[in-house]
2 protein chains.
Amino acid sequence: MCTNARLCLPHGLDETRLREFECIVDEVGPLHAGDFIFRDGDEFTALYAVRAGMVKTYSIDREGREQITGFYLPGELIGLDAIHSMRYRNHAFALDTSMVCRMSFAKIRELAQKWPELQTQLLCTLSSGLAETDKLRGEYSADERMAGFLIDLARRLEQRGYSAERLYLLMERRDIANFLGMAKETISRVLRRFQDEGLIAVDRREVMLLDRIRLDALAGAVLRD
Amino acid sequence: MCTNARLCLPHGLDETRLREFECIVDEVGPLHAGDFIFRDGDEFTALYAVRAGMVKTYSIDREGREQITGFYLPGELIGLDAIHSMRYRNHAFALDTSMVCRMSFAKIRELAQKWPELQTQLLCTLSSGLAETDKLRGEYSADERMAGFLIDLARRLEQRGYSAERLYLLMERRDIANFLGMAKETISRVLRRFQDEGLIAVDRREVMLLDRIRLDALAGAVLRD
DNA sequence: CGGACCATTGAGAGCAGTCAAGTAGGGTGG
DNA sequence: CCACCCTACTTGACTGCTCTCAATGGTCCG
């Protein structure tokens with residue numbers, strides 16, 4: 001049984017149903033950093049869950065500008081925004097060696113029709129996605145956004161049982177910048193200042209969170225909890 | 001039968017089911033400008049659909065800062081982000097004399113369990129909400145955001161059969177500013193510049209869209225279509 | 001008519017963006 | 001194994017968009 005089940009779509013299913021659910025799951029991988037899971041515009045047939053590794057999603061607008069829409073950890077679902085248009089709305093790209101679970105959406109729908117727990121879990125996942133993105137509205141300083149990003153990542157890692165004192169950022173600065181809506185140079189400067197102020201220690205893509213209290217305070221505005 | 005049914009949650013239901021669906025709908029109102037539909041933290045028991053008028057939703061963070069999360073037109077659903085926490089995550093506030101439909105979520109869930117069309121419609125609505133908010137990520141200029149706001153509103157009004165040459169903005173500048181993440185003074189200045197450039201004509205809260213082509217072009221970056 | 005509220009306009013400041021130069025790993029080929 | 005290169009990252013200087021603060025103008029309403 002997948003160790004992520006508790007955090008993932010099958011959350012809430014009993015033993016029997018969980019086994020039946022696993023029949024509709026195809027494990028895909030291992031993918032390598034740089035592999036695509038799907039591409040913007042592809043026909044939507046399945047939801048994907050990260051099983052191991054990390055995935056980023058992004059879209060390209062008419063002018064060719066890239067827009068990163070998310071970084072996904074194990075247990076998180078990718079492709080939920082494609083349900084209504086039946087086409088994926090972005091590219092999904094492995095940032096690291098990764099395993100993903102492919103779950104036919106037609107079959108998910110069938111099962112959700114039979115099992116109230118699954119319907120509920122689907123709705124809850126979508127709903128928390130909405131609540132999540134609502135938080136990011138509003139104008140925040142570069143410091144607040146950066147702290148928000150780090151704390152959010154740390155919390156998600158903790159939920160998954162990883163230590164979150166030491167974060168390894170698999171994505172490049174440019175990706176973080178794009179995701180947070182700022183320039184990559186600003187990421188560098190903010191990280192440096194955070195380090196000078198004793199909030200974190202940075203070594204390339206490795207970030208140690210040294211003063212969680214103050215980081216939380218900074219992030220509070222963004223994460224609104 | 002509600003004229004919004006085509007755009008709203010019962011979309012896709014046949015005549016018979018539509019009638020049964022209507023049994024779980026309570027019409028609430030008329031509400032007057034300034035009335036609340038629900039408040040942040042209230043127990044979530046029902047989804048609301050706007051039937052007539054306009055509703056804004058907003059939350060207040062720990063520091064007392066207001067954050068507007070949406071403006072809702074007839075046929076649009078309010079409260080979807082509360083499903084996972086079973087508490088409303090924001091205040092819902094009538095901007096004008098309005099009617100809303102209260103739909104018990106427990107009953108929606110029951111019906112969705114029986115009717116695939118309703119389950120699908122629920123999932124689609126949530127999914128397009130996600131796709132929608134993803135668009136707003138990224139850093140846009142004040143001009144792009146403003147154009148995006150106007151064009152988005154115009155399109156939604158058109159979908160509902162209203163003329164969209166002349167927009168009446170029921171909310172104050174401060175609300176638009178907050179929603180778009182900028183200062184209210186900037187809203188004034190951008191609207192004035194748009195007017196000077198012949199894109200729109202502004203008279204208080206009434207805005208005429210004069211050059212839809214150029215506005216669309218400006219908005220394109222934000223709305224990404 | 002006066003007050004309250006909203007909106008506009010102006011002046012100045014500051015945060016973060018752009019441009020450009022410099023640094024540092026990591027990988028490759030000789 | 002080392003020199004080289006490429007890419008990612010950092011740092012500095014400067015610019016500019018948008019914010020803030022403050023004053024003014026309009027409109028509605030009692």
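So which residues in the range B:175-204 are within 11 Å of DNA strand C (Cβ to nearest atom), in a loop (DSSP other than H, G, I, E, B) and surrounded by 13 or more Cβ atoms within 10 Å (Cβ to Cβ)?
Matches in the range B:175-204: B:Ala183 only.
Give B:Lys135, B:Lys184, B:Lys107 a once-over and let me know the one that is in contact (Cβ under 8 Å) with a residue 60 or more places away in the chain and in contact with a helix residue (DSSP H, G or I) (Cβ under 8 Å, 6 or more places away or on another chain).
Of the residues listed, the single one that is in contact (Cβ under 8 Å) with a residue 60 or more places away in the chain and in contact with a helix residue (DSSP H, G or I) (Cβ under 8 Å, 6 or more places away or on another chain) is B:Lys135.
Could you list, in sequence order, the residues of the range A:138-157 that are touching a helix residue (DSSP H, G or I) at 6+ places or on another chain (Cβ under 8 Å) and either acidic (Asp, Glu) or surrounded by fewer than 19 Cβ atoms within 10 Å (Cβ to Cβ) (or both)?
A:Ala142, A:Asp143, A:Glu144, A:Asp152
Look through the range A:109-122, keep the residues that are surrounded by 21 or more Cβ atoms within 10 Å (Cβ to Cβ) and facing another protein chain (nearest Cβ under 10 Å), and return whichever of them is nearest to the chain's Cα centre (by Cα).
Residue satisfying both the conditions and the ranking: A:Leu122.
Between B:Thr69, B:Thr125, B:Thr97, B:Thr120, which is over 30 Å from B:Asp196 (Cβ atoms) and within 16 Å of DNA strand D (Cβ to nearest atom)?
B:Thr97
Can you pull out the residues in the range A:210-225 that are part of a helix (DSSP H, G or I), farther than 15 Å from A:Ser141 by Cα and charged (D, E, K, R)?
Matches in the range A:210-225: A:Arg212, A:Arg214.
For the condition among the small types (Gly, Ala, Ser) and within 13 Å of another protein chain (Cβ to nearest Cβ), what is the one hit in B:Ala82, B:Ala52?
Answer to the check: B:Ala82.
Kindly list, by first and then second residue, each pair from a residue in the range A:161-174 that is within 21 Å of A:Gly34 (Cα to Cα) and without any contact (Cβ under 8 Å) to a residue 40 or more places away in the chain to a residue that is assigned to a loop (DSSP other than H, G, I, E, B) and within 16 Å of DNA strand D (Cβ to nearest atom), limited to pairs with Cβ atoms under 7 Å and residues at least 6 apart or on different chains.
What qualifies is A:Tyr168/A:Arg205; A:Leu169/A:Arg205.
Is one or more of the residues making up the range B:80-89 modelled with pLDDT under 95 and either assigned to a loop (DSSP other than H, G, I, E, B) or touching a helix residue (DSSP H, G or I) at 6+ places or on another chain (Cβ under 8 Å) (or both)?
Yes.
Go through (1) touching a Phe, Trp or Tyr at 6+ places or on another chain (Cβ under 9 Å); (2) of a type in the set (Gly, Ala, Ser); (3) assigned to a loop (DSSP other than H, G, I, E, B) and name the single condition A:Gly64 misses.
(1)
I'd like to verify a number: residues in the range A:129-143 that are assigned to a helix (DSSP H, G or I), within 16 Å of DNA strand C (Cβ to nearest atom) and facing chain B (nearest Cβ under 9 Å), how many?
1
Is it true that some residue in the range A:27-42 is free of Cβ contacts under 8 Å to residues at least 60 places away in the same chain and within 14 Å of chain B (Cβ to nearest Cβ)?
Yes - at least one qualifying residue is present in the range A:27-42.
Here is a check on your reading of the model: is B:Ile213 away from DNA strand D (no atom under 15 Å from the Cβ) and not assigned by TED's automatic domain parsing to the domain that holds B:Thr57?
Criteria met by B:Ile213.
Given the criteria buried (at least 16 other Cβ atoms within 10 Å of the Cβ) and not in a helix (DSSP H, G or I), does B:Val207 qualify?
yes
May I ask you to list the residues in the range A:179-199 that are away from DNA strand D (no atom under 11 Å from the Cβ) and either under 15 Å from the mean Cα position of the chain (by Cα) or hydroxyl-bearing (Ser, Thr, Tyr) (or both)?
A:Phe179, A:Leu180
Would you say B:Ala154 is more than 12 Å from DNA strand D (Cβ to nearest atom) and modelled with pLDDT of 95 or more?
Spelling it out, B:Ala154 is indeed more than 12 Å from DNA strand D (Cβ to nearest atom) and modelled with pLDDT of 95 or more.
So A:Ser98 fits all but one of (1) of a type in the set (S, T, N, Q); (2) touching a helix residue (DSSP H, G or I) at 6+ places or on another chain (Cβ under 9 Å); (3) surrounded by 19 or more Cβ atoms within 10 Å (Cβ to Cβ); what number is the exception?
Result: A:Ser98 passes all but (2).
The values are calculated or read from the model by the stated rules, or taken from the named source; none is laboratory data. Values in this document were obtained by computation on a predicted structure and should not be read as measured data. Cβ: placed from backbone, ideal geometry, glycine included. Neighbour counts: every protein chain shown.
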